[in-house]
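The structure appears below as structure tokens.
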Amino acid sequence: MEQYEAFNRVYDATRDALLRWLIPRVRSAADVEDLMQEIYRKLYRKMTGIGVRAPEKYVFGIAKKELARFYRHKALVQETEAPIPEQMPAEGPEPEDIVLDREREREIWDLIRTEPLLSYQAFTLYYGLSVPTDEIAKLLGLSEDAVRKRLSRTRARLRALLSAQGEEVPERERKGD
């Protein structure tokens, strides 16, 4: 039980800093969640096995190795779409629409990555990980009002960039307006 409590103390002490470190280095929020889970899984296994002298430092050591492994694996495996079934379902989106939506989502996140770091982090936490603005404020060391302003300005810049390209921002990206 003592190891479990020790792990929880390390998790609570390092989670926010690790999130701030990972978000600018990873393209999507889902990848951030996966990496966080894998990092803390490895830490827990190590802490319940041999033990770790400086777990806070160890977390970032694991994080660096996992991030390298993640990008190495991603380079080896080409991104592929799900195979199209022989018979198309009677209802639902067309495969072309699904591919276009995924492509568009990638373009939007690429645009978001060009934002200032705090705006990018706030946007990723809010839209990618569904973290409430009060928690984002604590994570980034900002006031809740500052987080809301950053989200609003980022959405406005995104809308302007997309309208300059002749596109409209879908409802999903307009959350919070």
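Couple of notes before you dig in:
- Scanning segment 117-154 for residues that are without any contact (Cβ under 8 Å) to a residue 24 or more places away in the chain, closer than 22 Å to Arg25 by Cα and within 18 Å of the chain's Cα centre (by Cα) yields Ser130, Val131, Pro132, Thr133, Glu135, Ile136, Ala137.
- For segment 5-22, filtered to residues that are buried (at least 16 other Cβ atoms within 10 Å of the Cβ) and either in the same structural domain as Ile112 (by TED's automatic domain parsing) or touching an Asp or Glu at 6+ places or on another chain (Cβ under 8 Å) (or both), the residue that is farthest from Phe123 (Cα to Cα) is Val10.
- Count of residues meeting criterion [surrounded by 13 or more Cβ atoms within 10 Å (Cβ to Cβ), over 13 Å from Thr14 (Cα atoms) and β-branched (Val, Ile, Thr)] in segment 24-59: 3
- Note on segment 23-60: among residues that are of a type outside the set (Lys, Arg), outside any helix (DSSP H, G or I) and in contact with a helix residue (DSSP H, G or I) (Cβ under 9 Å, 6 or more places away or on another chain), the one that is nearest to Thr124 (Cα to Cα) is Ser28.
Quick grid of which residues meet (1) outside the structural domain of Arg15 (by TED's automatic domain parsing); (2) surrounded by fewer than 17 Cβ atoms within 10 Å (Cβ to Cβ); (3) modelled with pLDDT of 85 or more:
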| position | (1), (2), (3) |
| --- | --- |
| Asp101 | yes, yes, no |
| Ile108 | yes, no, no |
| Ala137 | yes, no, yes |
| Ser152 | yes, yes, yes |
| Arg157 | yes, yes, yes |
| Ala160 | yes, yes, yes |
| Ser163 | yes, yes, no |
| Pro170 | yes, yes, no |
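- Taken together, the residues in segment 129-145 that are in contact with a helix residue (DSSP H, G or I) (Cβ under 7 Å, 6 or more places away or on another chain) and not in a loop (DSSP other than H, G, I, E, B) amount to 7.
- Residues located in segment 115-135, provided they are among the charged types (D, E, K, R) and surrounded by 18 or more Cβ atoms within 10 Å (Cβ to Cβ): Glu115
- Residue that is touching a Phe, Trp or Tyr at 6+ places or on another chain (Cβ under 9 Å), charged (D, E, K, R) and assigned to a helix (DSSP H, G or I), where the choices are Arg15, Arg20: Arg15
The values are calculated or read from the model by the stated rules, or taken from the named source; none is laboratory data. Given the structure is predicted, the values throughout are model-derived calculations rather than measurements. Reconstructed Cβ throughout: ideal geometry from the backbone, glycine too, with neighbour counts over all protein chains shown.
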